[in-house]
Amino acid sequence: MLGVFRRKVVSGSCSAPVLGKSWQRIRPLVSKTADCFISEGEVLPHTRIIGNVRSICYVAQPGAAVNLRPLREVMTSLQPCVSMQLQNRMFSSDSGDLVDAVVPFMGESISDGTLATFLKKPGDRVEIDEPIAQVETDKVTIDVASPEAGIIQEFVAKEGDTVEPGTKVAIISKSAEGAAASSKPASEEAASQTPPPTAEKVEEKPKPKVETAPAIEKPKPASPPPPPKTSASEPQLPPKERERRVPMTRLRKRVATRLKDSQNTFALLTTFNEVDMTNLMKLRSEYKDAFFEKHGVKLGLMSGFVKAAVSGLQNQPIINAVIDGDDIIYRDYIDISIAVGTPKGLVVPVIRNAEKMNFAEIEKEINTLAKKANNGTISIDEMAGGSFTISNGGVYGSLLSTPIINPPQSAILGMHSIVSRPMVVEGNIVPRPMMYIALTYDHRLIDGREAVFFLRRIKDVVEDPRRLLLDI
């Protein structure tokens, strides 16, 4: 009876009454059949049956009526036999006790960098978000932070390697046990895995004696002639041992490339003038204490030159423009870039919308950007853009120079050291604190007339700051 029942179910054409009921009135259970009837009261789970169960399970047992049991009851009865374990694993670099420290995202225009140095050593304790390494890029230095608190197990990368965002740099153990286990010297592991030497000794076979022919004495060659004496005009080069070859940093290579591209692209021309710093220095000395008490920052000379540059750019908009292909782009905003020399190289942070800022706001922004540049924490966004650059070589004692344009700008103002020189004032020779200023500009776009007028405006405003108040 059980075999007939199976064959009818397989053929799908069973219309005879089964156990007193018509099979047509019973909804089919599964689309595929499998042998799941073994003994009375026992149900053998089968994967194909479970995969095709809908809502009602029909369990036929020999000598008993067809049972209509809800799905949840059948699944309850199958639970002791079927064990399904689901493991949810997060998509991350965390693998239990070990965590990977990877290179973070470095910016839209930066695809890779150089692993400059490690700030920690294997076995050191680190906290979450604590920097463990530094990656040097073309523009900034980026820290690689620890994702979890723990102990550094090992460094995967080496100093000097080229890394990309997402590159694994170090492995950090959350627990001290994992780090201690991993800190076992490799020599001990190799010694434990090396099998003990066998007691059998390999017999050394005697080497066959090779008869050598008697050496024939050769006639001694004549002594070579003495080397010619070098003339006094030949230079004596120093030995190579006294030279050191050091690879260039990415920042230095980037600066070198941009400066050379500037020379190859622009028609560079520099014009000069000199400024009497008497009035600006007097203004600074009279109000520096009150300025510091109110604004919390010292009053410097740079803010006066920034305001003078803004006034000059407003009078000569072509200085603030740039060539783009066959077009000229006029900028209706003034973003002043300030060149800052750091131990790692030259960086140029930007003061945004300088035309809307006063002396105190400019001094605060310069102070903040200079600290970030020297600490290496300045971001790419703080250096991007800029429509005009001011370079102050006077802080290093430069008396006169010809600065190079910072692409894609069209001009750069160079400040220099203040030197007391004899000047003729109202027919009298008096000592005056004087500064040479230089403007390098792209002669393809800017004519000499506009450049001289711009530099003359800088001179007038610095020598008489009251012009800024009266707008004259």
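The values are calculated or read from the model by the stated rules, or taken from the named source; none is laboratory data. In this text, all values refer to a predicted model and were calculated from it rather than measured experimentally. Here the Cβ positions follow ideal geometry from the backbone for every residue, glycine too, while neighbour counts run over all protein chains shown. To get the accessible areas, we keep the full protein, side chains included, count just its heavy atoms, and leave off ligands, DNA and RNA. Shrake-Rupley method; radii C 1.70, N 1.55, O 1.52, S 1.80 Å.
Listed values, structure above:
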item: 17 Å cut-off, amide nitrogen to a point 7 angstrom out along Arg254 Cα→Cβ, residues in the stretch 365-400; result: 370, 372-386
item: The stretch 266-469, accessible surface, carbon-and-sulfur percent (1.4 angstrom probe); result: 52 percent
item: Carbon and sulfur %, accessible surface of the stretch 100-173 computed with the full protein complex present, 1.4 Å; result: 46 percent
item: Charge context of Lys356, other residues only, Cβ under 12 angstrom, K/R +1, D/E -1; result: -2
item: Solvent exposure of the stretch 266-469 as accessible area per residue, Å², 1.4 Å probe; result: 50 Å²
item: Per residue solvent-accessible surface (Å²) - the stretch 100-173, probe of 1.4 Å; result: 47 Å²
item: Computed lengthening from Asn353 to Thr402, 0.36 nm per intervening residue step minus Cα-Cα distance; result: 15.0 nm
item: Calculated FRET value between Ala267 and Asn367, using beta carbons and R₀ = 30 Å, to 0.05; result: 0.25
item: Contact order normalised by residue count of the stretch 266-469, Cα under 8 Å, 6+ apart, percent; result: 32 percent
